[in-house]
Amino acid sequence: MNEKSYFFNDVNGDRVYYAEDIASLLTPLFSNGIFNNGCNVLAENDNMSVNVSEGRAFINGYSYWNALPKTLSVENADGILNRIDNVVIRLDLVNRTITSQIVKGTFADQPVAPDLVRSSTIYDLRIAKISIPAGTTTITQDLVTDTRFINSDCGNVISPIETPDTEDLFIQIQTAFEKQLNTMNVTINQFKTDSDTLISTTTTNFDNKIKEFTKTFNDTMDTNSTTFSNALRDYGLEFGSWFDKVKDTLGTDVAGALLNAINEVSDRVDKIKVPTKTSDLTNDSKFIADENYVHTDNNYSNTEKEKITTNTTNITKLLNGNLKSFISTLPVANWNLNSDTNFYENDVKKEDITSKHFIEVTMDIPNQEKIVDGYVDSYDGGFKVITSEKPEADIDISVTYQLTNIEGGK
């Protein structure tokens with residue numbers, strides 16, 4: 001009969017059902033295997049045996065239930081050869097049983113587990129393999145290999161119907177995923193290449209701009225430095241030339257003497273009155289009103305002439321006085337730390353310099369950069385250049401000095 005239907009009440013023996021009818025009904029609803037991770041093989045007896053834990057199994061429509069842990073004995077090991085046994089849950093249709101049992105393997109140097117029996121009357125689910133090396137006397141857990149979750153050996157029933165074969169679908173999904181991943185990798189690599197190129201180009205352009213700016217800046221600084229150095233040199237030469245002319249006229253108070261002399265001359269000139277006639281030479285209250293009047297030396301009294309001559313002589317002495325200059329070098333080895341002031345001092349000996357001399361030290365830009373917040377202090381027999389930090393190179397200087405407190409003409 002090609003068609004079957006289940007289950008109806010029997011009427012006079014016309015509806016007889018067999019166990020295989022129920023099995024065939026359940027087979028498409030449940031896949032072979034164990035339920036809920038049961039029927040675990042455990043080596044916990046400290047001897048040649050293992051235990052099968054509680055659990056259920058399903059084989060070709062038939063159900064197995066191990067309600068309590070079941071102990072299975074393992075045959076003794078060989079003294080020379082090794083062996084691998086199977087622990088199976090076996091469906092036996094002839095004997096109408098499902099039992100857990102050990103299927104003994106064959107001794108060998110390199111043993112393999114026995115093949116599973118799956119015939120029309122016997123069907124095995126292998127739940128574990130037991131390795132039994134030569135001389136083994138106790139089965140330990142490291143000798144037991146769990147095979148319950150290998151579908152070809154046993155499997156786990158995790159759904160009420162047979163799990164559909166999704167291998168082809170998985171292959172399609174995997175292929176599509178790999179294709180998409182490859183496309184993404186190409187895009188990412190291209191983006192990385194473009195980014196690297198952009199960064200490299202930008203960096204190069206930036207470096208070129210920096211180099212161009214630096215060159216322009218350095219050229220400008222060099223030009224300004226040269227211009228300033230030349231101007232400073234010219235000023236030094238011009239000042240030195242002038243200084244040579246006036247160095248012998250200045251006393252100890254140059255500024256005061258020069259100012260007094262100039263003021264005195266100016267005062268004398270301001271007091272010179274131009275009389276309208278010879279009889280009025282001694283009359284200071286009268287001034288000439290004729291804008292066309294031209295005066296000569298005869299307009300001044302002898303006293304006024306003497307005073308003008310005296311002040312002119314004083315100014316000449318100032319301009320030809322005691323202002324001196326020379327060129328020198330401050331050697332880097334000559335800097336000494338003054339422990340009292342914590343400043344560095346470089347001594348310049350000059351016999352004609354005294355503590356009353358005003359010392360002026362000038363230098364070009366490269367030498368100025370070698371010294372920090374320096375100043376000069378004169379003493380009898382020379383002067384000291386003083387700075388807070390010790391210079392690291394020789395310094396060329398131009399020195400100008402003059403006496404102070406010179407008396408002006410009366």
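Where a number appears in this text, it was derived from the coordinates with a stated rule and is not lab data. Since the model is a prediction, treat every value here as computed from it, not as a measurement. Glycine also receives a Cβ, built like all others from the backbone with ideal geometry; neighbour counts cover every protein chain displayed.
What the table below lists for this structure:
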item: Potential lengthening between Ser120 and Thr71 on full extension [0.36 nm per residue; Cα-Cα distance subtracted]; result: 14.8 nm
item: Whole-angstrom Cα spans of the range 19-157 along principal axes, big to small; result: 50, 27, 25
item: In Hz, Karplus ³J(HN,Hα) per residue of the range 118-126 (6.51, -1.76, 1.60; θ = phi - 60°; x = Gly, Pro); result: 9, 10, 6, 10, 10, 9, 9, 10, 7
item: Overall Cα dimensions of the range 83-149 - principal axes, largest extent first, Å; result: 37, 22, 21
item: Relative exposure of Trp65, Trp335, judged by other C-beta atoms within 10 Å (fewest first); result: Trp65, Trp335
item: Amide proton proximity set for Thr354, modelled H, under 5 Å, gap of 5+; result: Gly381
item: In nm, spacing of pseudo-spin labels at Phe191 and Tyr375 (7 Å Cα→C-beta vector); result: 6.6 nm
item: Cross-link pairs beyond the 23 Å C-alpha cut-off, checked among Lys324/Lys356; Lys356/Lys384; Lys215/Lys390; result: Lys215/Lys390
item: Overall Cα dimensions of the range 11-67, principal axis frame, Å, largest first; result: 59, 22, 15
item: The range 335-374 - Kirkwood radius from inverse mean 1/r over Cα pairs (Å); result: 12.5 Å
item: Convex hull of the range 80-222 built on C-alpha atoms - directionally averaged projected area, nm²; result: 20.9 nm²
item: Alpha carbon centroid spacing (whole Å) that separates the range 127-150 from the range 372-400; result: 96 Å
item: Length added when fully stretched, Thr341-Ser200, from 0.36 nm per residue minus Cα-Cα; result: 45.3 nm
item: Relative exposure of Asp340, Asp377, judged by other C-beta atoms within 10 Å (fewest first); result: Asp340, Asp377
item: Residue-count net charge about Asp109 - beta-carbon cut-off 12 Å; Lys, Arg +1, Asp, Glu -1; result: 0
